[in-house]
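Below is one structure; the comments refer to it alone.
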Amino acid sequence: MPSLKDLKTRIDSVKSTRKITQAMQMVAAAKLRRAEEAASAARPYAERFDAVLAGLAAGIGEDGPKLLKGTGSDQTWLLVVMTSERGLCGGFNSSIVRLAKAQAKKLLDDGKTVKILTVGKKGREQLRREYVDHFVGHVDLTEVKRVGYANAQDIASDVLGRFDAGEFDVAMIYFNKFESVISQVPQELQIIPAKIEASEDATVFDYEPGDDEILAELLPRGVATQVFAALLENGASEQGARMSAMDSATRNAGEMIDKLTIQFNRTRQAVITNELIEIISGAEAL
């Protein structure tokens, strides 16, 4: 049985941990509000951008830009796995990695070549165990306090450069879409070749100098826009997951403190009772 000193030390330790988790929960809540607003603000732009691309792509034949029609093959795949730089956010990173692993396994079983570009070290750490031989690059955002469009452009430029060099045929990005504090849904999205779904209510415009030239200019920006939207969704999802995880950790710490306090009181009572018995026994012996 642990001594009173050991129990007191454990109670103080858990209380210190609870203070840390409470502070992290409050910080995550503050960051979540900003991240959620940024993700919500980007969604209409991304949707409208896709609608414009869909309208342009509808009038393009088989001689469209390479980013739209692809290489004509699907042998080599690039998986861009976007996770966080920090942990303590529940299953946020694991859910993304699990989806990417499932796709990688399926592709490898089908005889395809898989290449992995990681964004965020937590996903890289989990993927390294099985897919280290498939790594082709890594983007470190540790020093980035607030993700901006410039960060998305850098990632998109890296991916587009690899595509122009003929390193892959199809590119997919993996991230979490924010729905609520307790719900973040892992997503996979094909960005190269552009997968554009035609909208029935899309407005048709006449463009100058021409649809194909404008589309060739917009498609690289479309890749950057999709990457940026994914980064924003990930940012909100990460803070939501961390807030939920720290709330659960705080409650667990409180329950542990209550149990340890009860055990401490019972142990102290037992010590006092033993001391009284020894005093009474000694008095009777005299």
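In the set T17, T83, only one residue is open to solvent by 20 Å² or more (accessible area, probe 1.4 Å) and either of a type in the set (S, T, Y) or in contact with a Pro (Cβ under 8 Å, 6 or more places away or on another chain) (or both); that residue is T17. Within the stretch 216-235, residues that are surrounded by fewer than 24 Cβ atoms within 10 Å (Cβ to Cβ) sit with their Cβ atoms under 8 Å from residues that are in a helix (DSSP H, G or I) and of a type in the set (D, E), at 6+ positions apart or across chains, in these pairs: G222/D50.
Among what's in the stretch 129-140 and is of a type outside the set (D, E) and not in a strand (DSSP E or B), pick the residue that is least open to solvent (accessible area, probe 1.4 Å). Spell out how you get there, then give the answer.
We begin by selecting, within the stretch 129-140, every residue of a type outside the set (D, E); these are 129, 131-132, 134-139.
Those left that are additionally not in a strand (DSSP E or B): 129, 131-132, 134.
Numbers: R129: 189, Y131: 19, V132: 73, H134: 48 Å².
The residue in question is Y131.
Listed here are the residues, each with its yes/no results for (1) under 19 Å from the mean Cα position of the chain (by Cα); (2) modelled with pLDDT under 95.
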| residue | (1), (2) |
| --- | --- |
| G70 | no, yes |
| V80 | yes, no |
| C89 | yes, yes |
| L107 | no, no |
| G111 | no, no |
| L117 | yes, no |
| E130 | no, yes |
| V144 | yes, yes |
| Y149 | yes, yes |
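For the structure I just gave you, tell me whether A39 is assigned to a helix (DSSP H, G or I), surrounded by fewer than 20 Cβ atoms within 10 Å (Cβ to Cβ) and out of contact with any Cys (no Cβ under 7 Å at 6 or more places or on another chain). Answer is no for this residue.
Results for (1) open to solvent by less than 10 Å² (accessible area, probe 1.4 Å); (2) outside any loop (DSSP other than H, G, I, E, B); (3) within 22 Å of K177 (Cβ to Cβ), shown as yes or no for each residue.
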residue	(1), (2), (3)
I96	yes, yes, yes
K105	no, yes, no
I116	yes, yes, yes
T142	no, no, no
A150	no, yes, no
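Within the stretch 154-199, restricting attention to residues that are small (G, A, S), touching a residue at least 60 places away in the same chain (Cβ under 8 Å) and assigned to a loop (DSSP other than H, G, I, E, B), the residue that is least open to solvent (accessible area, probe 1.4 Å) is A194.
The values are calculated or read from the model by the stated rules, or taken from the named source; none is laboratory data. Predicted, not measured: the structure shown is a model, and the values here were computed from it. Don't worry about glycine lacking a Cβ; one is built from the backbone with ideal geometry, like all the others, and counts go over all protein chains shown. The protein model used for the area step is the full one, side chains on, heavy atoms only, and it has no ligands, DNA or RNA in it. Shrake-Rupley method; radii C 1.70, N 1.55, O 1.52, S 1.80 Å.
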